[in-house]
Structure formats: structure tokens, C-alpha cells
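K.L.:
Can you read through this structure? Questions will come right after.
The values are calculated or read from the model by the stated rules, or taken from the named source; none is laboratory data. Just so it is clear, the model here is predicted, and its values are computed rather than measured. In this analysis, Cβ positions are derived from the backbone assuming ideal geometry, glycine residues included, and neighbour counts consider all displayed protein chains. Quick note on the areas: whole protein, heavy atoms, side chains included, nothing else; ligands and nucleic acids left out. Shrake-Rupley method; radii C 1.70, N 1.55, O 1.52, S 1.80 Å.
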Amino acid sequence: MSRIGRMPIAIPEGVTVELAENNQVTVKGPKGTLSRVLPSEMEIKVEGSEITVTRPNDLKKMKSLHGLTRTLINNMVVGVTDGYTKELEVNGVGYRASKSGKKLTLNLGYSHPVEMEDPEGLESTVEGNKIIIKGIDKEKVGQYAAEIRDKRRPEPYKGKGIKYADEVIRRKVGKTGKK
């Protein structure tokens, strides 16, 4: 049995969970509303203040969907109550990030500034050399952070580029002169 899939999800105060046909789950909370269609094979039950996910049989596909379905619902519940944040750091001489309205402008050593528009439902802020992305959908927050990081990935020699705040860059030793 899936250890994660077996655990019930507690529904906090002020959060409502609705189930529609085709396993369409809608979670409403203080921060907003998220809805998602989950695998139809899984059986999702809302009992009082907790949600349980059960699988029909022990096929490999069902086992993998079991834990996934439970985690996706849990991420939705956490998203509408606390929300998600990702922190990025801009490192390098002359590398800067600035924010005006919904537009994030990055100066990353290219001949032109890179401009990015905040996606729907996400909010980014710049504090010094840090970019903080906030939102209720874990998937969208992570995707936008990955897109920003992709504009200039950290390189191993000087450590310049955009990295996650908790990321550790493996440093390499540069070339040495011939003797």
C-alpha cells in the first residue's frame, strides 16, 4: 500500500472541497480557488474534515497514481491556505533585477534587458538581488521560477547567474597556466 496515498488529508478551517463528476476537485480557501481534474480511476471521498484517496486494485499504474492523486489534492489545500513561494538569487557583476507593475526586467549581461510578464495568479517581488515568486498553485510557481532561472543559469566557475536560494552550485577550478 502506498504510504503517502494512505494518509488522509486534513481540511483546515475556512476551506471547502467539492467533488464533481470525472474526479473534478475544487478547493476554495482564504487565498483563492483551485480546481483540477484528477485520474478517474482513483476514488476520492470527503468525510467530515478529511479527504481520503483509495485505489481500485494493485496494478503498478494504480499504485503510482494513488500517491500522486493524494499529493496533488494536498498541494491544492496547502496552496489556498498558506500559498507557495520560491526565492531566486541574482549573482554576478552588473546582473540586476527590477520590477515595474507586472513586468520583471532582468539585466543579465546580454546586449538587451530581458523582460518577463508575471503570469496570471502569480506575483513576483524584487528585494536587492533576490526575486521572490508567490502564488497559490505550486506547479505554476515552480514553472515560472524555472523560466526565470533559465534566462541565465548559474555557471560553475564564477557562480554567476540566477540560482534558487537553497541551491548549491558545484564550483570548478579554472584553467592553470602551462609550465
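K.L.:
Which semi-axes, in whole Å and largest first, does the equivalent ellipsoid of the chain have when worked out from the alpha carbon gyration tensor as the square roots of 5 times its eigenvalues?
P.N.:
Value: 40, 21, 12 Å, ordered largest first.
K.L.:
Ok, one more. At 0.36 nm per residue, minus the direct Cα-Cα distance, what do GLU13 and GLU120 gain on full extension? Give it in nm, one decimal, please.
P.N.:
Full-extension gain reported as 35.9 nm.
K.L.:
Sticking with this structure for a sec: Can you tell me, using C-alpha contacts under 8 Å and at least 6 residues apart, the relative contact order of the stretch 117-158 as a whole percent?
P.N.:
After rounding, I find 26 percent.
K.L.:
Let me ask another. Check each of the GluC sites (Glu not before Pro) in the stretch 32-72 and keep only those in coil by DSSP with at most 15 other C-beta atoms within 10 angstrom; list them in order.
P.N.:
On the way: sites: GLU41, GLU43, GLU47, GLU50; in loops: GLU41.
Answer by residue number: GLU41.
K.L.:
OK, next. Mind checking the angle between helix 138-150 and the chain's longest principal axis? C-alpha axes, 0 to 90 degrees, to the nearest 10.
P.N.:
Between helix and principal axis, roughly 20 degrees.
K.L.:
Can you give the convex hull volume per residue for the Cα atoms of the stretch 51-110, as a whole number of Å³?
P.N.:
Looking at the stretch 51-110, the number lands at 159 Å³ per residue.
K.L.:
Rounded to the nearest 10 degrees, what's the angle between the helix 60-81 long axis and the longest principal axis of the chain, both from Cα atoms, 0 to 90?
P.N.:
Long axis of 60-81 versus the principal axis of the chain: about 70 degrees.
K.L.:
Please sort by residue number the GluC sites (Glu not before Pro) in the stretch 58-145 whose DSSP state is loop and whose Cβ has at most 15 other Cβ atoms within 10 Å.
P.N.:
Taking the stretch 58-145 and a limit of 15 other Cβ atoms within 10 Å, the loop GluC sites (Glu not before Pro) found are GLU120.
K.L.:
Read phi for every residue in the stretch 85-99 and hand back ³J(HN,Hα) as whole Hz from Karplus 6.51 cos²θ - 1.76 cosθ + 1.60, θ = phi - 60°, with x for Gly and Pro.
P.N.:
9, 10, 10, 10, 10, 9, 10, x, 5, x, 8, 9, 10, 9, 10
K.L.:
Can you give the accessible area per residue of the stretch 79-179, in Å², using a 1.4 Å probe?
P.N.:
65 Å²
K.L.:
Only Cα pairs under 8 Å and at least 6 apart count here; give the relative contact order of the stretch 67-145 as a rounded whole percent.
P.N.:
35 percent
K.L.:
Considering just Cα atoms, how many Å³ per residue does the convex hull of the stretch 102-153 enclose?
P.N.:
Enclosed volume per residue, from the Cα hull, is 74 Å³.
K.L.:
Take the alpha carbon atoms of the stretch 61-153, find their radius of gyration, then divide it by 2.2 N^0.38 Å using N residues; give the quotient.
P.N.:
Working: Rg = 15.8 Å, N = 93, 2.2 N^0.38 = 12.3 Å.
Cα Rg divided by the expected 2.2 N^0.38 Å: 1.28.
K.L.:
How many percent of the accessible area of the stretch 1-144 is carbon or sulfur, using a 1.4 Å probe?
P.N.:
Carbon with sulfur: 49 percent of the solvent-accessible area.
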